[in-house]
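The values are calculated or read from the model by the stated rules, or taken from the named source; none is laboratory data. As the structure is a computational prediction, the values presented were derived from the model and not from experiment. Here Cβ is always computed from backbone atoms with ideal geometry, including for glycine, and neighbour counts include all displayed protein chains. Protein only, heavy atoms only, side chains kept; ligands, DNA and RNA dropped before computing areas. Shrake-Rupley method; radii C 1.70, N 1.55, O 1.52, S 1.80 Å.
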Amino acid sequence: MKYNIPADVPKNKEETYKKNLKSATNSTNHLMLFAGDQKVEHLNNDFYGKGIPPQDNSPEHMFKIASQAKIGVFATQFGLISRYGRDYKNIPYLVKLNSKTNLVPYDKQDPYSKAWLSVGDVVAFAKTSKLDIKGVGYTLYLGGAYEHEMLSQAASIVHEAHKNGLLAVLWIYPKGKFVKNEHDGHLIAGAAGVGAALGADFIKLKVPYDKKGEFDAQALKEVTMAAGRSGVLCEGGAKVQEKAFLEELYAQIHTSGSRGNGTGRNIHQRPLKEAVKMANAIYAITCEGATVKEALKLLK
Amino acid sequence: MKYNIPADVPKNKEETYKKNLKSATNSTNHLMLFAGDQKVEHLNNDFYGKGIPPQDNSPEHMFKIASQAKIGVFATQFGLISRYGRDYKNIPYLVKLNSKTNLVPYDKQDPYSKAWLSVGDVVAFAKTSKLDIKGVGYTLYLGGAYEHEMLSQAASIVHEAHKNGLLAVLWIYPKGKFVKNEHDGHLIAGAAGVGAALGADFIKLKVPYDKKGEFDAQALKEVTMAAGRSGVLCEGGAKVQEKAFLEELYAQIHTSGSRGNGTGRNIHQRPLKEAVKMANAIYAITCEGATVKEALKLLK
Amino acid sequence: MKYNIPADVPKNKEETYKKNLKSATNSTNHLMLFAGDQKVEHLNNDFYGKGIPPQDNSPEHMFKIASQAKIGVFATQFGLISRYGRDYKNIPYLVKLNSKTNLVPYDKQDPYSKAWLSVGDVVAFAKTSKLDIKGVGYTLYLGGAYEHEMLSQAASIVHEAHKNGLLAVLWIYPKGKFVKNEHDGHLIAGAAGVGAALGADFIKLKVPYDKKGEFDAQALKEVTMAAGRSGVLCEGGAKVQEKAFLEELYAQIHTSGSRGNGTGRNIHQRPLKEAVKMANAIYAITCEGATVKEALKLLK
Amino acid sequence: MKYNIPADVPKNKEETYKKNLKSATNSTNHLMLFAGDQKVEHLNNDFYGKGIPPQDNSPEHMFKIASQAKIGVFATQFGLISRYGRDYKNIPYLVKLNSKTNLVPYDKQDPYSKAWLSVGDVVAFAKTSKLDIKGVGYTLYLGGAYEHEMLSQAASIVHEAHKNGLLAVLWIYPKGKFVKNEHDGHLIAGAAGVGAALGADFIKLKVPYDKKGEFDAQALKEVTMAAGRSGVLCEGGAKVQEKAFLEELYAQIHTSGSRGNGTGRNIHQRPLKEAVKMANAIYAITCEGATVKEALKLLK
Amino acid sequence: MKYNIPADVPKNKEETYKKNLKSATNSTNHLMLFAGDQKVEHLNNDFYGKGIPPQDNSPEHMFKIASQAKIGVFATQFGLISRYGRDYKNIPYLVKLNSKTNLVPYDKQDPYSKAWLSVGDVVAFAKTSKLDIKGVGYTLYLGGAYEHEMLSQAASIVHEAHKNGLLAVLWIYPKGKFVKNEHDGHLIAGAAGVGAALGADFIKLKVPYDKKGEFDAQALKEVTMAAGRSGVLCEGGAKVQEKAFLEELYAQIHTSGSRGNGTGRNIHQRPLKEAVKMANAIYAITCEGATVKEALKLLK
């Protein structure tokens, strides 16, 4: 398999970058990202309440899943990694560098999510802690008063990551009062192009919907092509029924050319064993070439 | 007892960190924080007026208490420590790095409390002054226009503290016009999760209330679990009757899993001797395994 | 031919600067800039939709054109260059340092496009990647709340570029609610003067229109003279018919004294072969002294 | 006399600090600060007009007074010191690091007065110019949108001053639309506590008024106690009759525990000889233990 | 002649400073500043249109004048100097460090003109380019939301200039909705005092008008005295008849104590020969002790 190593990965970091990319993608160039940054992004809504198993309230639940399941990377904040990392050394981590809470509605105040720490901090931490950190992540909101700050931070983070042989994943969401429909495929394709222009390795995006509000595989094709050599990861979103989830995932990859997914709630809002199985099923489709049928067997 | 040393504490600072944690918590992992940052936060309201003993008006009152009572740490601003520290060398200090006044209502202007000095300043100061500085503190308001700045500063302060073997305590309060009820347990659990994601050692939070406006021990359970390995400190709040205070404190720890408390007014708004006794009673429950009955005896 | 080497190009970078200028302009001092920054500036509008060939949706389309056609420089974002550069080493690149999306209307929020990376980043990248990077570009909006930031960044970018022997191209557009007519020649001449005061090598500007909304060659004379020793590049704009495009380009240069053009959509919104021919025709007029007739032959 | 040397004055700067404190206070711990920053704060209102002697219009007038009278320190901006310092080497200077004009009313725009230069600039300047610079000053407005910036700058300036053995004087004024009465003693006591928390050596404050708008000696007691080990300097304010001025000054110190005063207009709005006498009288009460009667004799 | 060398000019730069001051003022301490920053400040309005000779549209026109006429310094932006400097090495330059356009009215948005480059950049440039750079200039608007930034930048620029032996000229203008009359002498005297407090060598100010809107020589006396040891330069303003211009200039200096002038349009809005003569006449009055009559002869 040929890997697209960005030109800003220096000679002496090419092997590191390739190793990170290969191990995170099971040598498929597809990434199964287990998203665990919602403790800040959604406060406690995703972790406690009706239909959520009690153990999900503890951050350790996600570490247990990430440690026992097959995943590409577990994306979460630096602080959680610092508190649980010593006990979960086998997890492939991706440090989510920024996060914001959901307290203020997007139409009341333009969102700004600033990087908490630098890529340099992460690189030094990886070295001293010996944890397996494969990359960094950053969320970028387009269309508001802070777009310029976030574009600038994102570009710098991607470049710094590459200079250190790390993967860079961008979450890109157009937001604010001038964005009418966040699931408009053409708009999401625009966001994909921004991610490409920023040089991201992977771009986590909303899923395009058709007029009935259902997944639009054709529209996703525009998106994945517009992303160029940056891989599109479809957002997992709120928890849905397993089969529907896996079928859509399969179509995203095989029909529309997406290169993975970023899933959180559909995994961690289950008891540990079920969560591990669901993660494995997602991984099977994303990185092991499984059919939906094969993946569903893993849930049994 | 097993201590959770964060992974960002480097090898050569592990002993320092462990020593700070053990001595601050009496080897219980519970922290009794004597909060003395109100000279800025509440201006002179907490120190002069009806029902407050005259000597509380002088900042030295708090240093005397902190010096004579059993406490985990005395949290106050750098400037006060610099002016009284030479005469109160036996106090275990925690430098509160930021503070704001109460002149502007939270619903009129989104709060922003910026760090006054850096962790590096504190580390250098501890070295040259030989004062016993065990950690740093920072207040973080969620939900306003400056949330991004404060999240970023908080993450950096926690990380810098750990790199130097210091404890990091975060005060986390959702505030502003989009926060309807600051004592909503689910919201406070969200704040606890933010503190966990930031990697804090301890998180000082509001106490959850039930519909009658009284302490809700069940709701606090959601909070302490959501905080993961970061210890929840319940805010002491305005001065109340001693027995009620100690009973609630006991329940917070033994029923709900909190790991300490941050108390200011309920201690320093008393004449010196009474204040020292009250601090000792709080310490007994928090860090010496005392019952309420045993603690009440100390007040005699 | 005599070249105007800016006085802030140091002695030991004069040869580099001259080489960059000569090769980018075919020793004519005229620049044919192939503009490829629209993936961010216009999101996916310029790359997918009615009248646009399907392959234009992939960023690679522009790299293929830039690689096969005669051009002065291909201006695009760093991230795209980092992802495709290893496979397109023969392209003369100009790194567009800033970009913003079109989500927010100019009259709703004053535009601010911040530099994504520094000139130093570009210089280091050129060295390690061995790509042929001839210069940097920056867009500057005059007339809004962020004018001061952008003027300051622009001045610094031009100076840093010169210190490293690189060309500096500024895109300068008066914008916002106090700008009534962006195609007013006198206003554009003002923008040209700003570019001159910033020391730019080339300034990309809107084309002046007369009262009927058509190209005003006389007004452009005011503009090119006001620009002093900085060369004026006329914006290509939306796709129009080939002959009209080339005739206007010829007049801009030969009647009005412009020193080139910045063209994107009129090139890349065509299938590869046609796009290469169109680029070659533009190049012929701009940098090879061709007549419109001669250039039109190249389109056959 | 025992001096309170702040704990952030390092060992090797203790002598410098003590020397500055002793000489500025005539070994009394009381400071007579000749305030000369009004050229910016009040523009030319304090220096030219009815009842003001013509020579006051020249900045040199203040240097002559400061040079010929007994004073603790002459507080003025760096630029004036740089222009007159070579000719007035005997003056003990305090560099006022920030200033703002009075053009915008406090209720129309929250005030922000930013440091013009750093403490490091002052330290280097003192060394190369050999001028007798004893300290630095900074004005801090509480209660507005920039409170966080000014608190942070103030804390840093006090700490940097101490690290270099210099005195740090803070002017602290609650301001803006949420401050109803700037002469409310309880509010001023709050400001005093903020100064203490910032570690200031001296804090210049408004004078508390009673309900009739007259000096309230009792209220000032709350203030001076709240200030802890930071000395309170009462603002001189607009020019009043000499005897009344000196009597109030005496009461501030002897009844209410203030530790000096900051006087500008009541000194410099007089012809040179009278101004020198008035300064000497103020100094006599503040730093030489004189009675009002004794001080009045100096005015003859 | 005695020169006032600011105390922040270090020993080893005193000769450089004195040389710059003497040559810029013809050893008179009076400065004739040829102002050429309007390409940004007024866009193309001052350079093209009715009553303006066509050659003024090219920036080179000003360089030709500055090269052929007697002037103190030619003040213009760095970028123009970088593009023309190699061909005009005999000009004494003053680098105008900031500029803003006139697109937004002062009462719609508080003005902010940020420094484009640092004094360090200018010093390095002077060294490598060997151009004769005698100083730097900076415009400062008082009375708006960015006053604090500009005061801080101005103070730092003056100090950095002095540390390098360069002259520092400040343009100081009260502006915004709280400034009713920009030609009020008392207000201008306030601006002069601000310039003095900033340590400027020269301060360019508006001319005070009387109630009839005519030059008020008495009011200017208040201004020049308030400026202390900083020299007042009167703004040249819009083009007027030669004799009236020179008579007012003579009165400004000989009646009111101004120390020069800053003239742009009254010079460059003439054909080259006439412009050179006018500059020479202004120089004769400012720096050669000429009478109006003698100066008028130079215009023949």
Exercise. Does B:LYS221 fit the bill of being out of contact with any Asp or Glu (no Cβ under 6 Å at 6 or more places or on another chain), more than 7 Å from chain A (Cβ to nearest Cβ) and touching a residue at least 24 places away in the same chain (Cβ under 8 Å)?
Worked result: yes
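Yes or no, residue by residue, for (1) closer than 27 Å to A:ALA154 by Cα; (2) of a type in the set (Lys, Arg); (3) touching a strand residue (DSSP E or B) at 6+ places or on another chain (Cβ under 7 Å):
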site: C:GLN38; (1), (2), (3): yes, no, no
site: C:ASN44; (1), (2), (3): yes, no, no
site: C:ILE52; (1), (2), (3): no, no, no
site: C:SER58; (1), (2), (3): yes, no, no
site: C:GLY72; (1), (2), (3): no, no, yes
site: C:ALA75; (1), (2), (3): yes, no, yes
site: C:GLY79; (1), (2), (3): yes, no, no
site: C:TYR84; (1), (2), (3): yes, no, no
Exercise. Does D:ASP201 satisfy the condition of being more than 24 Å from E:SER152 (Cα to Cα), touching a residue at least 60 places away in the same chain (Cβ under 8 Å) and either surrounded by fewer than 24 Cβ atoms within 10 Å (Cβ to Cβ) or under 19 Å from the mean Cα position of the chain (by Cα) (or both)?
Worked result: yes
Exercise. For segment D:254-275, what are the residues that are over 20 Å from D:ASN45 (Cβ atoms) and surrounded by fewer than 20 Cβ atoms within 10 Å (Cβ to Cβ)?
Worked result: D:HIS254, D:THR255, D:GLY257, D:LEU272, D:LYS273, D:GLU274
Exercise. Counting just the residues of segment C:116-130 that are open to solvent by 10 Å² or more (accessible area, probe 1.4 Å) and in contact with a strand residue (DSSP E or B) (Cβ under 7 Å, 6 or more places away or on another chain), which one comes out nearest to the other protein chains (Cβ to nearest Cβ)?
Worked result: C:TRP116
Exercise. What are the residues in segment E:217-246 that are among the hydrophobic types (A, V, I, L, M, F, W, C), touching a Lys or Arg at 6+ places or on another chain (Cβ under 7 Å) and closer than 19 Å to E:ILE285 by Cα, if any?
Worked result: E:VAL232, E:LEU233
Exercise. From the set of residues in segment E:1-17 that are more than 23 Å from E:ALA115 (Cβ to Cβ) and among the basic types (Lys, Arg), which is nearest to the other protein chains (Cβ to nearest Cβ)?
Worked result: E:LYS11
Problem set entry | Meets criteria (out of contact with any Leu (no Cβ under 9 Å at 6 or more places or on another chain), over 19 Å from B:ASN164 (Cα atoms) and among the basic types (Lys, Arg)) for B:LYS108 | yes
Problem set entry | Near pairs, Cβ below 7 angstrom, 6+ apart or cross-chain, from segment D:87-113 (at negative phi) to any residue that is part of a loop (DSSP other than H, G, I, E, B) and among the basic types (Lys, Arg) | D:ASN98/D:LYS114; D:TYR106/D:LYS175; D:ASP107/D:LYS177; D:PRO111/D:LYS100; D:PRO111/D:LYS175; D:SER113/D:LYS100
Seminar exercise, completed: The condition from (1) closer than 15 Å to E:ILE91 by Cα; (2) out of contact with any Lys or Arg (no Cβ under 6 Å at 6 or more places or on another chain) that E:ALA24 misses is numbered (2)
For this session: Can you work out which of the residues in segment E:204-219 that are surrounded by 23 or more Cβ atoms within 10 Å (Cβ to Cβ) and in contact with a helix residue (DSSP H, G or I) (Cβ under 6 Å, 6 or more places away or on another chain) is nearest to E:SER256 (Cα to Cα)?
Result: E:PRO208
Problem set entry | Filtered residues of segment E:18-39 (kept if within 14 Å of another protein chain (Cβ to nearest Cβ) and touching a Gly at 6+ places or on another chain (Cβ under 7 Å)) | E:ASN29, E:ALA35, E:GLY36, E:GLN38, E:LYS39
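This table checks each residue for (1) within 12 Å of chain D (Cβ to nearest Cβ); (2) more than 19 Å from E:ALA7 (Cβ to Cβ); (3) polar (S, T, N, Q).
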{"site": "E:PRO174", "(1), (2), (3)": "yes, yes, no"}
{"site": "E:GLY185", "(1), (2), (3)": "yes, yes, no"}
{"site": "E:GLY190", "(1), (2), (3)": "yes, yes, no"}
{"site": "E:GLY195", "(1), (2), (3)": "yes, no, no"}
{"site": "E:LYS206", "(1), (2), (3)": "no, yes, no"}
{"site": "E:GLY213", "(1), (2), (3)": "no, yes, no"}
Exercise. Applying the selection to segment B:14-27, what residues are surrounded by fewer than 18 Cβ atoms within 10 Å (Cβ to Cβ) and not small (Gly, Ala, Ser)?
Worked result: B:GLU14, B:GLU15, B:THR16, B:LYS18, B:LYS19, B:LYS22, B:ASN26
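Here's the yes/no breakdown for (1) surrounded by fewer than 24 Cβ atoms within 10 Å (Cβ to Cβ); (2) within 12 Å of A:ALA226 (Cβ to Cβ); (3) touching a Lys or Arg at 6+ places or on another chain (Cβ under 8 Å); (4) modelled with pLDDT of 95 or more:
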{"position": "C:MET32", "(1), (2), (3), (4)": "no, no, yes, yes"}
{"position": "C:ASN45", "(1), (2), (3), (4)": "yes, yes, no, yes"}
{"position": "C:GLY49", "(1), (2), (3), (4)": "yes, yes, no, yes"}
{"position": "C:PRO59", "(1), (2), (3), (4)": "no, yes, yes, yes"}
{"position": "C:ILE65", "(1), (2), (3), (4)": "no, no, no, yes"}
{"position": "C:LYS70", "(1), (2), (3), (4)": "yes, no, no, yes"}
{"position": "C:VAL73", "(1), (2), (3), (4)": "no, no, yes, yes"}
Problem set entry | Flag for E:ARG229 being open to solvent by 40 Å² or more (accessible area, probe 1.4 Å), of a type in the set (D, E, K, R) and in contact with an Asp or Glu (Cβ under 9 Å, 6 or more places away or on another chain) | yes
For this session: Kindly list the number of the only condition in (1) out of contact with any Asp or Glu (no Cβ under 9 Å at 6 or more places or on another chain); (2) over 30 Å from B:ASN20 (Cα atoms) that fails for B:TYR48.
Result: (1)
Exercise. In segment C:228-256, which residues are within 14 Å of chain E (Cβ to nearest Cβ) and within 15 Å of C:LYS206 (Cα to Cα)?
Worked result: C:GLY231, C:VAL232, C:SER256
For this session: Check D:LYS180 against each of (1) more than 18 Å from the chain's Cα centre (by Cα); (2) more than 7 Å from chain B (Cβ to nearest Cβ); (3) at pLDDT 95 or above and name the one condition it does not meet.
Result: (3)
Seminar exercise, completed: Picking from B:ASN98, B:ASN102, B:ASN90, the residue that is modelled with pLDDT of 95 or more and either of a type in the set (A, V, I, L, M) or open to solvent by less than 10 Å² (accessible area, probe 1.4 Å) (or both) would be B:ASN98
Exercise. Name the pairs: first residue in segment E:49-67 and more than 10 Å from every other protein chain (Cβ to nearest Cβ), second residue open to solvent by 30 Å² or more (accessible area, probe 1.4 Å), Cβ to Cβ under 7 Å, at least 6 apart or on different chains?
Worked result: E:PRO53/E:PRO271; E:LYS64/E:LEU272; E:ILE65/E:LEU272; E:SER67/E:ASN90
For this session: Starting from segment C:224-246, take each residue that is closer than 17 Å to C:MET32 by Cβ and list its partners that are aromatic (Phe, Trp, Tyr) and not in a loop (DSSP other than H, G, I, E, B), counting only C-beta distances under 6 angstrom and pairs at least six apart or across chains.
Result: C:GLY231/C:PHE202; C:LEU233/C:PHE202
Problem set entry | segment C:145-167 - residue that is touching a strand residue (DSSP E or B) at 6+ places or on another chain (Cβ under 6 Å) and open to solvent by less than 10 Å² (accessible area, probe 1.4 Å) and, of those, nearest to the other protein chains (Cβ to nearest Cβ) | C:VAL158
For this session: Examine segment A:128-145 for a residue that is touching a Ser or Thr at 6+ places or on another chain (Cβ under 7 Å), closer than 29 Å to A:ASN45 by Cβ and not in a strand (DSSP E or B), and state whether such a residue exists.
Result: yes
